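Trainee: Starting off with a structure, shown below.
The values are calculated or read from the model by the stated rules, or taken from the named source; none is laboratory data. Quick caveat: nothing in here was measured; it's all calculated off a predicted structure. Cβ atoms come from the backbone with ideal geometry, glycine included; neighbour counts cover every protein chain shown.
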Amino acid sequence: MIWVAVDVSTQAEAIGQIKTLVDNGIRRIKLGLELLSTGDRESVIHFAQLSGCEVFYDGKFDDIPHTVGAAAKVVASRGVAMFNVHASAGRKAMEAAVANKGQSNVLVVTLLTSLSKEDLRDLGYPESISKDVVVRAMASCAAECKVDGIICSAQEAQLVRSVMPQGMIVTPAIRPVWAVVGDQKRPTTPTDAIKAGATDLVIGRPITNPPPEIGSPTEALKRIVDEIAEAMQVTP
């Protein structure tokens, strides 16, 4: 599945992008922190759902268990398809999210795809600790909490699947070979993400703001879908 990131800060921008995506057959959208930090979030969620879209509420909850559980209950009551929690919030916070998820899916973020080895060192991890060790520990704990899926770099998808045989593996930082990498430190192409075992891809700027040589979101989406179809050995 493809979830398109609508990472904008105003209602007008969000609704404009959602209309364009719906016109292009996209019915799964991710709403990011820019929009979720404004008073427009409720109206945009409502508009997206009325337009037939499933909504991924990318709030990345990272707080004490009571607060995470309460936030999960509120978001689930909005009818979102899924929302996420940081593994760094700990086992009890993840369990609180699962207990209050209603009909929504709970996803757990391991390491943000913008983090590098140097960033881990800055955060106090020993030089000898690799990102794979950190991701494995976080994913293992999340699986024990019975979450519905893990969010990780596609570069770590196989590792995550080894500790969570069932469930969603959602990979952001997806960049086709023709796209600008931007601030992502661990990007992956759609083909490589699918081959690594990703069940869901989050793609934003390559579709909503494609490079000039691609032209339009419609053409960007077509190229990505064709690439995924080829990776899965399915005729588009």
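Trainee: Just for strands (runs of 3 or more DSSP E) wholly inside segment 98-174: which have at least 2 residues that are of a type in the set (K, R) and in contact with a Cys (Cβ under 7 Å, 6 or more places away or on another chain)?
Mentor: Values: elements: 105-109, 149-151, 168-171.
Output list is empty.
Trainee: V22: touching a Ser or Thr at 6+ places or on another chain (Cβ under 6 Å) and within 21 Å of I151 (Cβ to Cβ), yes or no? Please lay out each step first, then the result.
Mentor: Numbers: touching a Ser or Thr at 6+ places or on another chain (Cβ under 6 Å): yes; within 21 Å of I151 (Cβ to Cβ): no.
No.
Trainee: A further question follows. Quick check on my filter: what residues within segment 1-27 are hydrophobic (A, V, I, L, M, F, W, C) and touching a residue at least 40 places away in the same chain (Cβ under 8 Å)?
Mentor: Within segment 1-27, the first condition is being hydrophobic (A, V, I, L, M, F, W, C), and the residues that meet it are 1-6, 8, 12, 14-15, 18, 21-22, 26.
Within segment 1-27, M1, I2, W3, V4, A5, V6, L21, I26 meet the criteria.
Trainee: Can you give me the number of residues within segment 133-164 that are among the aliphatic types (A, V, I, L, M), free of Cβ contacts under 8 Å to residues at least 40 places away in the same chain and closer than 23 Å to W3 by Cα?
Mentor: Going through segment 133-164, the residues among the aliphatic types (A, V, I, L, M) turn out to be 133-135, 137-139, 142-143, 147, 150-151, 154, 157, 159-160, 163-164.
Okay, now just the ones that are also free of Cβ contacts under 8 Å to residues at least 40 places away in the same chain, so 133-135, 137, 143, 159, 163-164.
If we keep only those that are closer than 23 Å to W3 by Cα as well, we get 135, 143, 159, 164.
Final tally of qualifying residues: 4.
Trainee: For segment 1-19, give me each residue that is more than 23 Å from R175 (Cβ to Cβ) and β-branched (V, I, T).
Mentor: Residues satisfying the conditions are T10, I15.
Trainee: Let me ask something else about it. Taking T10, is it closer than 17 Å to N209 by Cβ, β-branched (V, I, T) and surrounded by fewer than 18 Cβ atoms within 10 Å (Cβ to Cβ)?
Mentor: Details: closer than 17 Å to N209 by Cβ: yes; β-branched (V, I, T): yes; surrounded by fewer than 18 Cβ atoms within 10 Å (Cβ to Cβ): yes.
Considered against the rule, which asks whether it is closer than 17 Å to N209 by Cβ, β-branched (V, I, T) and surrounded by fewer than 18 Cβ atoms within 10 Å (Cβ to Cβ), T10 comes out as yes.
Trainee: Checking the conditions here, which among V68, V44 is at pLDDT 95 or above and within 25 Å of M94 (Cβ to Cβ)?
Mentor: Checking each option against the conditions leaves just V68.
Trainee: For segment 52-69, give me the residue count where each residue is over 25 Å from T171 (Cβ atoms) and loosely packed, with under 15 Cβ neighbours inside 10 Å.
Mentor: Residues that pass the stated criteria total 3.
Trainee: Select from segment 77-91 the residues that are more than 17 Å from the chain's Cα centre (by Cα), on the phi < 0 side of the Ramachandran plot and not polar (S, T, N, Q) and list them in ascending order. Before the answer, list the steps.
Mentor: At the first step, the residues of segment 77-91 found to be more than 17 Å from the chain's Cα centre (by Cα) are 77-79, 89-91.
Filter once more, keeping what is on the phi < 0 side of the Ramachandran plot: 77-78, 89, 91.
Across segment 77-91, the qualifying residues are R78, A89, R91.
Trainee: Only one of T199, T188 is crowded, with 19+ Cβ neighbours inside 10 Å, out of contact with any Pro (no Cβ under 6 Å at 6 or more places or on another chain) and polar (S, T, N, Q); which? Explain how you work it out, then say what you get.
Mentor: Numbers: T199 fails: crowded, with 19+ Cβ neighbours inside 10 Å.
Among T199, T188, only T188 is crowded, with 19+ Cβ neighbours inside 10 Å, out of contact with any Pro (no Cβ under 6 Å at 6 or more places or on another chain) and polar (S, T, N, Q).
Trainee: If you don't mind, there's one more thing I want to ask. For the list (1) more than 20 Å from the chain's Cα centre (by Cα); (2) among the polar types (S, T, N, Q); (3) closer than 24 Å to A142 by Cα, I need the number of the one condition that S43 fails.
Mentor: Among (1) more than 20 Å from the chain's Cα centre (by Cα); (2) among the polar types (S, T, N, Q); (3) closer than 24 Å to A142 by Cα, S43 violates only (3).
Trainee: Here's something else I'd like to know. Could you tell me which of the residues V163, V180, V225 is surrounded by fewer than 19 Cβ atoms within 10 Å (Cβ to Cβ), at pLDDT 90 or above and over 17 Å from K30 (Cα atoms)? Break it down stepwise before answering.
Mentor: Details: V180 fails: at pLDDT 90 or above; V225 fails: at pLDDT 90 or above.
Going through V163, V180, V225 in turn, the sole match is V163.
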